[in-house]
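Data block below; observations after.
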Amino acid sequence: MLRLFSEESYNALSVVETEKRQMQEIEWSNLINTGESLSGFIDDRIPFRYTLISAYKSINNVIDGQYQKVATAVGQMLYSAGAEKKDKIVERGQTNKPIVPGEEVQVATEDIIDDDAFYPLRVNQDVIVGRFGWLFLYGENEYECYVGSNILSEDEMQHYVNLVNQLQSICAARGKELYVLIAPNKSSVYPKYMPTVEKVDDWRRISRLYEKMQNEAKAPFIYPIIEELEASGTYQVYYKYDSHWNHLGGLYGTNALYAAMGVEQTDPASWIVGTQDADKYELYTYMGIPDSMVTHDDAEYTVDYRPDVTVNGLNVEKMICRTTSNGANEKKLCLIGDSFRVNMMPYISKDFTNCTFVHRDYMKEVSSDIKNADIIVIEAVERYDYEGFKTIQKVINLFSN
């Protein structure tokens, strides 16, 4: 009726006009097996979708506010206030508990500033609503990594070590360097903003894998949790409403890689020239909240890294990106990774004269770049560590053909 009498009002409120992403289409070829595409097609085209979402959110916020008061009061009574408190981080990630070689990851992931106040777990469309409005992924294996419920078996870890060693042998025979980098999950760096949850195992998947790699892997295995934790004591290194590290966090991760390479490192904070809107709100999108309802209150540091170096060809949006520069290191570098590679690219491209950055799903298109590289870096975020090892297997296959 509104469309008949006031088409302008209809268009202003309609999802057809406000939706900015690509709309779901019907997968006719798979319609018999699943009706999800049909359901999504209808869902995306329901008029006033965001108006209804907005009304729901307003009502839900009122109800949720009352729920939080009750849940917190009950939780405080039930929560084990008498349990022994963990050691606290005092300043910039330093603990009052000595770090024992081989246990540094364990210390870093456990001895975090922990607010003892009970905060209930709330999940909205695969997103955890944390303390002070911070958002975290619930799905994609992140929650399992956080609570320690996805421990690798000894055989699985040994398989991963064997893959690294096999590729390292291939690279060494060809005069190449190999580095494996696992970017920390956001919840690993900012557990202080996570809800109160019961841990299945404090000696988590990545902690066990890191220890085994340090003892048995022949190639550097880098998990820059110490660097990110220390930095987070002074600076914000991950986005508040997105699952990734921000530009400064990416530089701290790059620095950890350089430490393993023996490449010159600088103080990441020395390149900060100001602040800017973070403009990363991926987890709001996961929850179905439109841009018009998002409060843009997250900021990040503006990093002007090595302004005297000129880079050609840098485009962080591309799945395959080749760059050249007048950087100091003339070795050809190929980085194969996921979306965490994006905020490393502006720095690596300035330090190496020839770089290829590729998302792991597009490896076939850069097979010659991989074969001709002097340095191969394989990156994966903690929650997708297994994808990094699949990538290693693909590189092994590439060199074996």
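Listing for the model above:
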read-out: Residue list for the range 346-383, filter: among the small types (Gly, Ala, Ser) and under 17 Å from the mean Cα position of the chain (by Cα); value: Ala380
read-out: Residue check, Tyr143 modelled with pLDDT of 50 or more, open to solvent by 20 Å² or more (accessible area, probe 1.4 Å), among the aromatic types (Phe, Trp, Tyr) and under 25 Å from Ile182 (Cβ atoms); value: yes
read-out: Criterion (within 17 Å of Val237 (Cβ to Cβ) and surrounded by fewer than 17 Cβ atoms within 10 Å (Cβ to Cβ)) met by exactly one of Asp279, Asp298; value: Asp279
read-out: Residues satisfying the stated conditions in the range 246-270, i.e. over 15 Å from Pro184 (Cβ atoms) and among the hydroxyl-bearing types (Ser, Thr, Tyr); value: Tyr258, Thr266, Ser270
read-out: Residues located in the range 159-180, provided they are closer than 16 Å to Glu379 by Cβ and under 24 Å from the mean Cα position of the chain (by Cα); value: Tyr160, Leu163, Val164, Leu178, Tyr179, Val180
read-out: His296 vs. criteria on the phi < 0 side of the Ramachandran plot and at pLDDT 95 or above; value: no
read-out: Criterion (open to solvent by 40 Å² or more (accessible area, probe 1.4 Å), closer than 28 Å to Gly274 by Cα and either at pLDDT 95 or above or among the aliphatic types (A, V, I, L, M) (or both)) met by exactly one of Asp308, Asp338; value: Asp308
read-out: Answer from Lys318, Lys332 - the residue that is within 19 Å of the chain's Cα centre (by Cα) and basic (Lys, Arg); value: Lys318
read-out: Count - residues of the range 384-401 that are of a type in the set (S, T, N, Q), in a helix (DSSP H, G or I) and surrounded by fewer than 22 Cβ atoms within 10 Å (Cβ to Cβ); value: 3
read-out: Residue count, the range 260-293 (criterion: small (Gly, Ala, Ser), under 24 Å from Glu228 (Cα atoms) and either touching a strand residue (DSSP E or B) at 6+ places or on another chain (Cβ under 8 Å) or at pLDDT below 95 (or both)); value: 3
read-out: Condition met for Cys355 (open to solvent by less than 20 Å² (accessible area, probe 1.4 Å), in contact with a Phe, Trp or Tyr (Cβ under 6 Å, 6 or more places away or on another chain) and not charged (D, E, K, R)); value: no
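The values are calculated or read from the model by the stated rules, or taken from the named source; none is laboratory data. Quick caveat: nothing in here was measured; it's all calculated off a predicted structure. Neighbour counts run over all protein chains shown; Cβ positions are idealised from the backbone, glycine included. With ligands, DNA and RNA removed, areas are computed over all heavy atoms of the protein, side chains included. Shrake-Rupley method; radii C 1.70, N 1.55, O 1.52, S 1.80 Å.
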